Amino acid sequence: MTTIMSDIAEIFRAVLSNDAWMISESLKTDAAWVLGGVVTLLGSALFLAIYHYFPWVERKFEATVMVSTYLLIGAIIFVEVFRRFVLNVQAPWSTTLPPFMFLIMTWAGCAYNVKLRTHLAFAEFRSNMPRPLQFLCLSLDALLWIGFAWIVIVTSTQVAANSAANFQILLGTDNVLQWWFLVSVPLSFILIAARALENWLEDLRNYRDGSDLIAAVSIGAD
């Protein structure tokens, strides 16, 4: 326990020093998993508070990120294809930036679908279960999502920190760093954990009130 606490303190010192190499090295210990679990839960609670006080964010944040990045990807590809085949010029970053934008769009979309419960939910099968078993399955869903988010938050943060420590530049640019985009992965999975927790709290209310636990859903229904 003493070692874990000292390693956690080392992570905080590395972050406060703003030294990418120190941060990367400090995240290689088991303390990163302990701290990652805390960040997952506290980050989820923070987003739930934001959703409560800013309803527009709760309804539209992920969708806005998805649509914005999708339009930006499409605009870059359209303009650069025109420039390449008509004007015989092309921005060197035009083939490397869209994949990173797609990364942001994908994981924002994952959080959006957790919110809508449009991932695999076996709704027809579960709707025939007794209510306690339905709630147990929904609780297991939330636990698995939060556990999965915890794993990805820790590992993707390590990847982003390693990228920053090695000064990895977005190909085709002079000073755009890859970790600026890679950090979107742990942030997105905090959103996913928040949506999973939000759904579970709703399920808990429905279970106590006697409301339906399993409902038909569709993408874009909100």
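The values are calculated or read from the model by the stated rules, or taken from the named source; none is laboratory data. Since the structure is predicted, the reported quantities are computational estimates derived from the model, not experimental observations. Positions of Cβ are backbone-derived with ideal geometry, glycine not excepted, and every protein chain shown enters the neighbour counts. Each accessible area value is taken on the protein alone, full model and side chains, heavy atoms only, with ligands, DNA and RNA left out. Shrake-Rupley method; radii C 1.70, N 1.55, O 1.52, S 1.80 Å.
Among the DSSP helices (H) of the chain, those spanning at least 18 angstrom by Cα along their long axis with an average Kyte-Doolittle hydropathy of 0.5 or more are 2-17, 31-53, 55-86, 97-116, 131-165; this is a geometric and hydropathy rule only. Computing Cα Rg over 2.2 N^0.38 Å directly from the structure and comparing it against (i) 1.08; (ii) 1.21; (iii) 1.25 singles out (ii). Working note: 222 nm ellipticity from helices only, DSSP H runs with n ≥ 4, each -39,500 (n - 2.57), summed and divided by the residues of the chain, gives -25500 deg cm²/dmol to the nearest 500. Residues of the stretch 106-135 with an amide N closer than 17 Å to a point placed 7 Å from the Cα of GLU202 along the Cα-to-Cβ direction: 109-124, 127, 135. Take the Kirkwood radius over Cα pairs of the stretch 116-193, plug it into Stokes-Einstein at 4 °C and 1.567 mPa s, and you get 87 µm²/s for translational diffusion. Approximating the spin labels as points 7 Å out from Cα along Cα→Cβ, the PHE122-to-LYS28 distance works out to 4.1 nm. Of the accessible area of the chain, computed with a 1.4 Å probe over protein heavy atoms only, carbon and sulfur atoms account for 70 percent. Under the simplified labelling scheme, the TYR53-PHE12 pair shows an inter-label distance of 2.3 nm, with each label point 7 Å from Cα along Cα→Cβ.
Given labels modelled 7 Å from the Cα in the Cβ direction, how far is it in nm from ASP19 to SER139? The answer from the label model is 4.6 nm. Rolling a 1.4 Å probe over the heavy atoms of the protein chains gives the chain an accessible area of 60 Å² per residue. Solvent-accessible area of VAL65, all protein chains in place: 40 Å² (probe radius 1.4 Å, heavy atoms, ligands and nucleic acids excluded). Simple point charges give the picture: +1 on the Cβ of Lys and Arg, -1 on the Cβ of Asp and Glu, and for the stretch 128-222 a dipole about the Cα centre of about 180 debye. When the chymotrypsin sites (Phe, Trp or Tyr not before Pro) in the stretch 94-203 are filtered for DSSP coil states and for at most 13 other beta-carbon atoms within 10 Å of their beta-carbon, the remaining sites are PHE122, PHE167.
Quote the charge dipole size of the stretch 63-180 about the Cα centre in Debye, to the nearest 20; the model charges only the Cβ of Lys and Arg (+1) and of Asp and Glu (-1).
Approximately 240 debye in magnitude.
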